[in-house]
Amino acid sequence: MEKPKNVIEKASLRADRCEVTYKEKYTEANYTNEVSKKCDQIIHSDLKAAFAALVPFLVTVTEQPEAKLFNRSNIDSVPTEDIQKEIDKYVVTGYSHGGSDESAGVTIIGQKILKSGQVLNLIAPFTKFSSDDAVDGYSYGSELDLAIQRCDWEVSEYLFSEKYGVKQEQLDFESDAPVDANIEPKKKGKGRKKMNIEEAKVFDETA
């Protein structure tokens with residue numbers, strides 16, 4: 001049976017989970033299925049980092065005030081501490097592919113946290129990857145292309161290779177015994193409590 005070629009169409013993150021639409025392309029049989037998935041597995045930190053790397057592109061495409069912080073030498077680099085402080089208010093929540101060949105590009109979706117605490121939704125205009133040299137076009141199309149390829153790779157690893165994050169388990173404390181790294185809460189906790197009571201009695205008798 002022919003194995004399909006899976007092509008990511010769009011992806012979004014919500015509460016450390018991923019929602020994806022992708023195409024299963026069967027070349028020999030000449031047909032394509034479109035599949036949408038709302039996944040419950042925790043996303044891997046690499047996928048989260050790939051989305052975070054899209055923030056400079058969201059900022060520059062939508063011409064935010066912080067766009068002046070970026071240029072061709074740092075648009076695709078890990079932000080410095082100073083730059084990170086300036087762009088912490090932005091988050092990329094999703095992206096969607098569009099066009100093909102020379103017209104291929106992407107739409108980035110994100111949010112900006114305002115000083116009031118309210119959320120401003122940002123939807124960047126569709127941006128072509130091949131727009132670097134275009135008159136009045138986007139200056140970082142090739143860098144954006146590579147950043148989206150990284151996201152597609154991480155989303156594919158999440159979907160098809162089970163590259164998930166680890167859900168932190170909560171410890172279940174069944175009693176109100178004192179927590180001590182050197183003792184067992186249930187057994188030694190009770191004995192320690194009794195000893196403290198007896199010590200209190202001795203203190204009363206000698207007082």
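The values are calculated or read from the model by the stated rules, or taken from the named source; none is laboratory data. Quantities reported herein were computed from a predicted structural model and do not represent experimental measurements. All Cβ positions, even for glycine, are placed from backbone atoms using ideal geometry, and neighbour counts span all protein chains on display. Just so you know, the surface numbers come from the protein's heavy atoms only, side chains and all, with ligands and any DNA or RNA stripped out. Shrake-Rupley method; radii C 1.70, N 1.55, O 1.52, S 1.80 Å.
Before moving on, here are some points about what is shown:
So that you can scan it fast, the table gives a plain yes or no per residue for (1) within 24 Å of Asp145 (Cβ to Cβ); (2) open to solvent by less than 20 Å² (accessible area, probe 1.4 Å); (3) part of a helix (DSSP H, G or I):
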{"position": "Glu28", "(1), (2), (3)": "no, no, no"}
{"position": "Glu34", "(1), (2), (3)": "yes, no, no"}
{"position": "Leu47", "(1), (2), (3)": "yes, yes, yes"}
{"position": "Phe57", "(1), (2), (3)": "yes, yes, yes"}
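- Identity of the residue in the range 63-105, open to solvent by 30 Å² or more (accessible area, probe 1.4 Å) and of a type in the set (Val, Ile, Thr), that ends up nearest to Leu144 (Cα to Cα): Val78
- Residue ID - nearest to Val55 (Cα to Cα), chosen from residues in the range 108-159 that are in a strand (DSSP E or B) and among the charged types (D, E, K, R): Lys112
- Of the residues making up the range 61-84, not a single one is in a strand (DSSP E or B) and among the hydrophobic types (A, V, I, L, M, F, W, C).
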